[in-house]
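Okay, so here's the structure we're looking at.
The values are calculated or read from the model by the stated rules, or taken from the named source; none is laboratory data. What you see is a predicted model; the values in this text were computed from it and never measured. FYI the Cβ positions are ideal-geometry reconstructions off the backbone, even for glycines, and counts take in every protein chain you see. Accessible surface is based on the protein model in full, side chains and every heavy atom, while ligands, DNA and RNA are left aside. Shrake-Rupley method; radii C 1.70, N 1.55, O 1.52, S 1.80 Å.
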Amino acid sequence: MRVLEVHGVTIESRIGGHRRTIVREFDLSLDAGETVGIVGESGSGKSMTARAVIGLLPPGVSARGSVTYDGRELIGLPERELGGVRGSQIGLILQDPFTMLNPLLRCGRHITEVLERFEGGRVSRRARRAEATRRLAEVGIADAIDRYPFELSGGMRQRVAIAAALAGDPKILIADEPSTALDATTQKELLALLKSLQEARSMGLVLITHDLRVAFAVCDRVCVLYAGSLLEVGAGAALEAEPLHPYTLGLLLSEPPGDRRLAELASIPGAVPSPDDVAQMCPFTPRCRWAAPVCGAGRPPLALVSPGRSTACVRIHEIRESMRETRVVVEQPAPIRPARPASRLIEVEQVEKVFEGAVGRRGGAAVVALAGVSLEVGAHESVGLVGESGSGKTTLGRCLVGLETPSAGRITIDGIQAADYAALSSGDRRRLRRVVQIIFQDPYSSLNPVRSVGTTLREAITLYEPRSRRVGEEVEALLAKVGLPGSYAARKPVALSGGERQRVAIARALAVKPRLIICDEAVSALDVSVQAQILNLLKTLRADLGIGYLFITHDLPVVRQVVDRIYVLHRGAVVESGPVDAVIDAPQHPYTVKLVESMPRSSPDWLRDA
Amino acid sequence: MSGDAIPTIGRGRMRWIPRTPFTLAFSFLVVGVVVLLAFAAPFVAPRDPQAQNLVVGLTTPNSEFWFGTDAVGRDVFSRTIFGARGALIGPVLIALGAFVIGNVLGLLAGYKGGLLDAAIMRWVDLMFALPGLLVAIVLVGVLGSSYALAVIVLLVLTSPFDTRIIRGATLEQRSLPYVEAARTLGVPAPRIMFRHIFPNILPITLPNAFLNFAFSLVALSALSFLGLGVGPGSAEWGRMLAESRLLLFDNPMAALAPGGMIVLTAASMNLVGDWLYERLADRGRAR
């Protein structure tokens, strides 16, 4: 039975007279008990699509077309009637579990609030409370009813949000990146929960995600959205076996595989265009290897290729063979040849870091971030530091560059005792700066917004070579190293995309010619296609300059692509270490086992054993 | 920190004036005219502002004396024009001084932290505890009234507000990756403070200077009104208002002109500052 039918929905924003298309002619149908995934990178319009379905578009954004739920047209419905549909018919969960719940309401209240709206006759307080408890038990946190959101972890909050979204017993649940903000192990549990709830209630589920593997594992059908246009629709398994659009193939190939290392990730050049720039052509044309003149002639519609599969690629029959071959070549595993480190560059011995509660305030509990960590990094070596949030991995990275000072323990970098940067002589400190540099996660705040790229790089260069006469040339050389044209020196960060900013951040670190760069989740905020570009860049830099990395991440597939050895950090202590292949393929410690199992795999049985 | 960080103790953005394109354009016009008058007063004013004309005496506005004359026959129009100087110099000095002091102390306290921060902030707390204008009245009253003294006292009273705002903004910037990257590169602290952080907090500090101007114009006029600023007989708006308030029924313009100019100038500066804030904040936020 068809419960939701979306047809020809176009979403536009109008801000200050500027009209911008966000999504163009989107179609989707959902049967009762079916799970459909909408996959896309940032800027694809996937979240707006979800919001359009339930009439929750932000001010200035409007949708045209038709959304029929149970035979009833939702677009253009007055807000009062939409309110009745939301919650009781269509539920919604959003990405950020930290802002989705009202911090002043106990968790139970979030549920009873919805129950009150939809209950028929008079219901006693006690009965309602019992119902709320039952609902929370359904999502596995029965004891949270009297707790406030701040007392819960992100995963638990997301469960409360799910219980609240389901409290009105909707027939359809729309989940917008429900697991993206969560740790890998929590993500897996949450997806398994969503899947089991969907099956138990035979509810329709629309899962919006940027992660193809997650979509394959959870969904019956997957729609690939790019720059506001649907490019491909098909069953998950079929889509993975053979993508029928170059973009889907590109997405699949730029996703680092968890089970092997590739010689080079197949990245998609460039960045996602705005829908209006590619309105009159196949939106993927500017980045497509197989682009031909026909691709630029008009916007291709989704065409049925085989039952249940459609693609917007007009050349699919000509290029199908070539796409297949590409995939075979790219997915060839590359052997890891660990460089025998000639000497030790960094030695960390029993480092501890305790964050005291707020000064002079009682009750501010001390947080132990590092509880005796020891590790070493050789010269020219690339080492991974893997752990979930709260494992202390970032704190350790910050200790190495002097942004934090360890409470105890020894850090030796290039023969200098570097545990306390403040106590070092200025000469030693200057030397250390040229040994270790750091790149941060968020490309948007990593660069000073008021300074041009050139100014930023020039400053870094002249710090250590104040009399260099060829600063201009050096800036250009640095930009070339990270794959940016020299003209970017004049640009401000605002004019750069996330990936380009991260390239500039790398160039800035390279400017002082360090021997090791600490990459603190340096690619995790980027879209997969861009992430692949940056990972490839890091690999190239290592090969060309002999630079080493300490790669701090929660992402095992990513770390497998770039490092030789890894350390697994759990609650401030190293629980396992060794060559990256050995640790991921045959994990020993129970925590590592759990971490490896939570890597998203496309097969549906990934969620079964959760 | 958001736009609401600008404290409203003793002053505030004039929310009761709707900021439409018209009021904004008008505000710019008023500010422009006042600045122009301050510089060109001798050429614009039809008469010597101090010249008494006892023959004419007190008159209402007429073709010869546009705003009429005051009790001793001085031309109110010319005096109002010359008053723009006093209305500009003092507030500009105070706004500028508070900007410099506030930035230096605020950046130091926010970036360096520790004992220096504690010392600076305790001083700020102390100044916050004092009732500003009252202290100014007492000090100027005891030390003798003079325009310069009033300016200095108001500067000392204003800068703690700025220090506090700038410290907060600095704290926010300090933890951003671009500052941490600069620290890791080994950029010296003063350079990080003044070359990296300072331009990024301008969207907060620069409009605040405009608000300071408006505040100190009103405060200085109040002191003059009470006879604690400039000497008697000076062509200064607050003073003129004080001396002419008894003439309200004989020549209302003698009091209305300077009073109106105070209100217009202060309100205009406020709106301009407000507009500037939003412009700068938008620019910084654009991605």
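Just a few scattered comments:
- Degrees between helix A:316-330 axis and first principal axis of chain A (Cα, 0 to 90, nearest 10): 40
- From helices alone, chain A scores -10000 deg cm²/dmol at 222 nm; the rule is -39500 (n - 2.57) for each run of n ≥ 4 DSSP H residues, then divide by the residue total.
- Alpha-carbon radius of gyration plus Dmax, which is the widest Cα pair, for the protein assembly as shown in Å: 33.4, 109
- Percent antiparallel among DSSP beta bridges (both partners in the protein assembly as shown, rounded to 5): 60
- Computed on region B:21-286, the Cα convex hull volume stands at 138 Å³ per residue.
- Accessible area ranking (1.4 Å probe, heavy atoms, ligands and nucleic acids excluded), largest first, for A:Thr180, A:Thr49: A:Thr180, A:Thr49.
- Number of Lys pairs (Cα under 13 Å; 8 or more positions apart or on different chains) in the protein assembly as shown: 4
- Within the full protein context, the accessible area of B:Met253 is estimated at about 50 Å² for a probe radius of 1.4 Å.
- Look at where the Cα atoms of region A:404-458 and of region B:42-107 average out, and the two centres are 56 Å apart.
- For B:Leu107, the solvent-accessible surface with a 1.4 Å probe is about 0 Å², rounded to the nearest 10.
- Size of region A:1-118 as Cα extents on the principal axes (Å, biggest first): 41, 38, 29
- Solvent exposure ordering (accessible area, 1.4 Å, most first) of A:Val329, A:Val67: A:Val329, A:Val67
- Principal-axis tilt of helix B:253-285 within chain B, Cα atoms, nearest 10 degrees: 20
- Hull-based mean projected area of region A:445-572, where the convex hull spans the alpha carbons, in square nanometres: 8.5
- Neighbour net charge for A:Thr285 - beta-carbon separation under 14 angstrom, K R +1, D E -1: +3
- Net charge of Cβ neighbours under 10 Å - reference A:Val580; Lys, Arg +1; Asp, Glu -1: 0
- Principal axis dimensions, region B:54-151 - Cα atoms, whole angstrom, descending: 68, 27, 17
- Scattering from region A:433-495 was approximated by placing one identical point on each alpha carbon and applying the Debye formula without solvent; log10 I(q)/I(0) at 0.19, 0.27 1/Å stands at -0.79, -1.33.
- Whole-number accessible area per residue in Å² for region B:171-287, which is evaluated in the context of all protein chains at 1.4 Å: 38
- Heavy-atom accessible area order for A:His7, A:His245, largest first, 1.4 Å probe: A:His7, A:His245
- Area accessible to solvent at A:Arg109, 1.4 Å probe radius, in Å²: 90
- Calculated log₁₀ intensity ratio I(q)/I(0) where the Debye formula runs over C-alpha points of region A:169-302, q = 0.09, 0.12, 0.17 Å⁻¹: -0.33, -0.57, -1.03
- About its Cα centre, the dipole of the protein assembly as shown is roughly 1260 debye, where the only charges are +1 on Lys and Arg Cβ and -1 on Asp and Glu Cβ.
- Peptide B:164-177 has a mean of 2 when you count, residue by residue, the C-beta atoms of other protein chains within 10 Å of its C-beta.
- Values of log10 I(q)/I(0), in the order q = 0.26 Å⁻¹, for region A:364-435 under a Debye, Cα-only, solvent-free model: -1.37
- Expected 222 nm ellipticity per residue - DSSP helices of 4 or more, -39500 (n - 2.57), all of chain B, to 500: -23500 deg cm²/dmol
- With Rh defined as the Kirkwood radius, the inverse of the mean 1/r over Cα pairs, the Rg/Rh of region A:559-610 is 1.00.
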